[in-house]
Every structure is written in structure tokens, then in C-alpha cells.
Amino acid sequence: MDSGVQAIVIGAGIGGLATAVRLRSQGYEVKVYEANAYPGGKLSQFDLQGYRFDAGPSLFTLPEEVDALFELTGKNPRDYYSYETLDPITRYFFPDGTRLDAFADPARFAEEVEKKTGESQDRILSLLSKSRELYDITHHVFLERSLHKLDTYLRKETLQSILQLHKLDAFRSMNRANTQFFQDPRVVQLFNRYATYNGSNPYEAPATLNIIPHLEFNKGAYFPVGGIYQITDSVYRLAQDIGIEFYFGTPVDRVVVENGQAVGIAVGGQIHHAEVVVSNVDIVPTYRKLLRDQEAPEQTLNQPRSSSALIFYWGMKKEFPELDVHNIFFTEDYQAEFAHIWEKKNLYHDPTVYIHISSKKHAADAPAGGENWFTMINVPHDAGQDWDQMIETARISILKKVSKMLGKEIQPYIEVEHILEPRTIQSRTGSFLGALYGNSSNNRFAAFLRHPNFSRKIKNLYFCGGSVHPGGGIPLCLLSARIVGDLVNQQHPVQA
Ligand code: FAD
């Protein structure tokens, strides 16, 4: 399988790992250069005094996109990792005392919502079926292929999708659509939350984002056995098993371009040649640093960024049976919270708090009798705010809110603490301004404004990961790898 044809991937985030596997399966000899000493980028993990924490993502959908990487290389994914269905998916706590479980089975979820809020089951099921329809219309065009290649538009599935684009609900906001559809404000709030799955604002983002509940309820939400880091770990092990070479602690300095063609990379004062170069680094530093001598597509790079996150990783020396794996403690005023994040670029005094506890499923993640709390709020991307002050204030607000809603003081049980925030997200993963998902999807044209998966000016140069098409989040990063693999295969097939 050694063709002698070289491909270089810059960055070992999940998009970079998946692209490396795809190129290797096409016969390339693949080398991955990663600035950190470990793989995974945002999808990494760390240990703190007996507690294990997943550093970034916590919710896993579309497992078939991970499985596909193993199948491509003739391996059985179950020899590397496994996952179980999450049920309930999320436990919701509302300020009026309502507690509601989002069960995996849509009918059971709809029944629970009707029981707890009075909203009709039929309306919940109808929203989920509309969500399925949105997915069916969009996924061929917007998720699985390059939006920037003519042949995408010549395919039968694309033409069928284009004929139905008027059904995308792109001309009203997600909140407006949900408010017009549901009667109970708690149900509106629950469905508005899906805008945060790609770092957007439900009061601005188009109702097209109502596609997201389909992924959770119709396609399913999962828990990888051992925690979500198992995705990175298993794909990394697969990559090693199929002969991909990794260079950790090796920040790439620049992409070497000659006569309008990428011919390799410069790293540590040396040039390494390759026929194909793929950057998994956020597209803004890719241009500003790795391609600093080239003309940059300013319009694409100046798009508003997605929101970021402030996370308190708390080792708790107590178990909380009233909590599940994923828990949401809603704010009293969602609109005010988003106005603070998006317009004022600061933090609301009563934020919506998300607590993910992987030790509920994987007991080894915390010492006996304890739990590992990943406690997160949505925050603006970095815009030079006084983060130290904001973090201190947010910590007090979160402790006060969760203690009140659980009816017990939680602070005394915090045994260890670690904090991640927009500045450290940027310094650890290269993510410009600490945005979690690249550009925001608040604009109805966002899909078209993301950078393509290839360079229009420089031959043999490709881009994958959450800051380029089709967008952020694990499943979309994996789809970006699929698109890059397909483009490389069409444009530079390795002759066997
Ligand atoms: P990244 O993870 O961004 O990695 C890029 C890599 O490039 C890094 O390892 C970096 O070190 C490396 N790099 C940068 N510069 C260089 C250089 N010069 N040379 C070499 N290497 C370089 N997604 C979900 O699907 N579900 C969730 O629940 C979810 N929650 C999230 C919560 C948080 C707190 C965060 C931070 C993200 C979350 N996401 C979630 C988003 C998801 O983590 C990302 O979309 C995805 O992991 C990004 O992968 P990527 O391929 O773009 O690479």
C-alpha cells in the first residue's frame, strides 16, 4: 500500500485525524504534524487528582461517521470503541421547579413534555417530523459535499433538494418559529437551545437550525463507553495501525507554496515535501500564519465567530442522584442571556448552566462516592473583555443558581477545580478568538460564507475541521474530512 505519494495533515483535531485516515485508505503516505503533545485538539481529556474530564465535546451524534473510518480501512470499529444509546438524553431543570427528561424515544419524550408542561404531544412529534424533513432536504447539499464545486449541483439528489429549498424556513428566526409553533414558553426555550449546538443565537439564527433536534431524537444521541475522548483515542489508534506517522509538539510554521501550488510545509527550520497538504488548523490562523505570504479571502475570514464557553471542571466529593449524564439548568430570561452574549459581549447574571457528568456512566471517571462535573455556560468569543473578573462573577452566579435549583449548597463538595475559557481555548487549540464552532450560523447565508474545503488559488491545498464547510461539531468535522477525501480522490488519485 506504500505508493510513495505523500500527504501532510497539519493538526490532529478530529477533522485532521479523520482526513488522515481517509487519505491513507486511498493509498497516500500520510504524516500528521500537531502543535500539542497529544491528539484531539478540542476533543481531548485530562486527569485531575483522581478525576478524569473530557475537555470539550460531551454529546455524540451520528456515530456512523466515526464507524465509517474503520470500515474504510477494513477494520471492525467495535474492536476499537463502542457506544451506547443515551436515555434520557438530557435532564432539564426550569426556574419554576419543572423537571423534565428528554427521553430518547420521541413518543416517550412527547408524552413527558405534555405531562410536565401541557404542550400537546402532537406538536412535539410534529416539530420532530419537520426537523427530519429539514435534514432530508439539506444533508445531500449542505453537509455531505462541497458547496463550492459545480458537480455537486449536477447530482440528482442536489437538484431534488434545490427544488425544496423554500421549505428551509430560512426567513424567520428559530425563536420566532418555535414561539409560533408551541404554546408553552418552557418548550420554546427547550427547542431554542438547539441553536447553541453550533454556537448560535436562537433569536437571530434562521429556523433552518430546527434540523438539529432530528440528530438527537430521530438519529439518536450516544455515550461512547469510557467517555467521548474514546473517539479521539480510537481514531488515533486506527491511524497508527494503518501506518500514519505522527509528529507531536511540532507546530507547523507555514505551508510552502511554489508556482501557485502547495508543495509541503516548513517546520522547525526544515521543509517537508508533499503532493497534498491539508490544514486542520482554524481557517483564520491558517491564512494569517501558515499562509501569511498569500492573499487571504478577507470576506470569509471576517465573518462573525460563534460563541465560546466557560467551563469549570469540578471534582465533586459527593454523588447527586437527582442529576443525570447531561443536565440543563435554564435561566429565567433566555432572551436577556443571549443579548448579553451577542450584543453586549458580556455575561448575564442568571446564565443557563449545563452540567455533564460522565462518571454517571463510567464510574472510573471519579473516586468512589464522587462525580466529575463539567459545568459550562455559553459566553461570547474573546473580544478583549476582562475575563478574570467575568470568570469570578460567573463562578458565583453558577454556584448560587445550581444550589438554589437543587435545594442544597454545592460549593462545599468541590474538591478540585480547573477552568477553560475563550483565551485558553484559543491558546490550546488555535481556535481564533476561542470560538467553539468557527463562524456563527446566525446569518441565513452562513453555509455559503464558510470557507470551502479547498483553496481556490493554491493547488493541492485543502482544509478540514470545524471552521470550514460544513461547520463545527464532531459530526460536521467528520463530514469535512469525507469531503476532503472525495476531492483529493477526484483531483489527485494515487495510481496503484
Ligand atoms: P480542533 O479540535 O480545533 O484541533 C485543531 C488542532 O490543530 C489542534 O490540536 C491544534 O493544536 C492544532 N494546531 C493549531 N495550529 C497548529 C500548527 N501551526 N501546527 C500544528 N498543529 C496546529 N462538538 C460536538 O459535536 N458536541 C459537543 O458536545 C461539543 N461541545 C463542545 C464543548 C467545548 C467546550 C468545545 C471547546 C467544543 C465543543 N464542540 C462540540 C465542538 C467540537 O469540539 C469541535 O467542533 C471539534 O472538536 C473541532 O475539531 P477540528 O477538527 O476542527 O480540530
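Quick look at the numbers
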{"read-out": "Residue in the range 30-53 that is farther than 20 Å from residue 229 by Cβ and out of contact with any Asp or Glu (no Cβ under 8 Å at 6 or more places or on another chain) present", "value": "yes"}
{"read-out": "Output for the range 45-54, where each listed residue is surrounded by fewer than 23 Cβ atoms within 10 Å (Cβ to Cβ) and within 22 Å of residue 437 (Cβ to Cβ)", "value": "45, 46"}
{"read-out": "Helices (runs of 4 or more DSSP H) contained in the range 397-496 and holding at least 2 residues within 16 Å of the ligand (Cβ to nearest atom) and without any contact (Cβ under 8 Å) to a residue 60 or more places away in the chain", "value": "422-429"}
{"read-out": "Residues satisfying the stated conditions in the range 363-384, i.e. surrounded by fewer than 18 Cβ atoms within 10 Å (Cβ to Cβ) and assigned to a loop (DSSP other than H, G, I, E, B)", "value": "367, 368, 369, 383, 384"}
{"read-out": "Filtered residues of the range 443-459 (kept if of a type outside the set (A, V, I, L, M, F, W, C) and surrounded by fewer than 22 Cβ atoms within 10 Å (Cβ to Cβ))", "value": "443, 444, 452, 456, 457, 459"}
{"read-out": "Any hit, the range 209-218, residues being surrounded by fewer than 24 Cβ atoms within 10 Å (Cβ to Cβ) and modelled with pLDDT of 95 or more", "value": "no"}
{"read-out": "Hits in the range 130-152 - residues which are assigned to a helix (DSSP H, G or I), surrounded by 13 or more Cβ atoms within 10 Å (Cβ to Cβ) and at pLDDT below 70", "value": "141, 142, 152"}
{"read-out": "Hey, residue 421 surrounded by fewer than 22 Cβ atoms within 10 Å (Cβ to Cβ), within 19 Å of residue 382 (Cα to Cα) and in contact with a Phe, Trp or Tyr (Cβ under 9 Å, 6 or more places away or on another chain) or not", "value": "yes"}
{"read-out": "Cross-chain or 6+ apart pairs with Cβ under 7 Å, the range 9-22 first and at positive phi, then more than 6 Å from the ligand (Cβ to nearest atom)", "value": "11/279"}
{"read-out": "Hey, residue 77 over 18 Å from residue 355 (Cα atoms), in contact (Cβ under 8 Å) with a residue 40 or more places away in the chain and buried (at least 21 other Cβ atoms within 10 Å of the Cβ) or not", "value": "no"}
{"read-out": "The range 246-269 residues that are of a type in the set (Asp, Glu), paired with ones that are in a strand (DSSP E or B) and within 15 Å of the ligand (Cβ to nearest atom) (beta carbon under 7 Å, 6 or more apart)", "value": "253/266; 253/267"}
{"read-out": "Strands (runs of 3 or more DSSP E) fully within the range 1-115 counting 2 or more residues that are within 12 Å of the ligand (Cβ to nearest atom)", "value": "6-10, 29-33, 51-54"}
{"read-out": "Filter result for residue 334 (within 16 Å of the ligand (Cβ to nearest atom) and of a type outside the set (D, E, K, R))", "value": "no"}
{"read-out": "Filter pass, residue 321 being surrounded by fewer than 22 Cβ atoms within 10 Å (Cβ to Cβ), out of contact with any strand residue (DSSP E or B) (no Cβ under 8 Å at 6 or more places or on another chain), without any contact (Cβ under 8 Å) to a residue 60 or more places away in the chain and within 30 Å of residue 48 (Cβ to Cβ)", "value": "yes"}
{"read-out": "Residue that is buried (at least 18 other Cβ atoms within 10 Å of the Cβ), in a loop (DSSP other than H, G, I, E, B) and within 14 Å of the ligand (Cβ to nearest atom), where the choices are 281, 235", "value": "281"}
{"read-out": "Residue within the range 291-300 that is within 16 Å of the ligand (Cβ to nearest atom) and crowded, with 20+ Cβ neighbours inside 10 Å present", "value": "yes"}
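So that you can scan it fast, the table gives a plain yes or no per residue for (1) in a strand (DSSP E or B); (2) under 25 Å from the mean Cα position of the chain (by Cα):
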{"residue": "263", "(1), (2)": "yes, no"}
{"residue": "271", "(1), (2)": "yes, no"}
{"residue": "294", "(1), (2)": "no, no"}
{"residue": "339", "(1), (2)": "no, yes"}
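Rundown of residues vs (1) more than 20 Å from residue 469 (Cα to Cα); (2) in contact (Cβ under 8 Å) with a residue 12 or more places away in the chain; (3) in a helix (DSSP H, G or I); (4) touching a helix residue (DSSP H, G or I) at 6+ places or on another chain (Cβ under 8 Å), yes/no style:
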| site | (1), (2), (3), (4) |
| --- | --- |
| 166 | yes, no, yes, no |
| 180 | yes, no, yes, no |
| 189 | yes, yes, yes, yes |
| 197 | no, yes, yes, yes |
| 201 | no, yes, no, yes |
| 204 | yes, yes, no, yes |
| 213 | yes, yes, yes, yes |
| 227 | yes, yes, no, yes |
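The values are calculated or read from the model by the stated rules, or taken from the named source; none is laboratory data. What you are looking at is a predicted structure, and each value in this text was computed from that prediction instead of being measured. All Cβ positions, glycine included, derive from the backbone under ideal geometry; neighbour counts span all protein chains shown.
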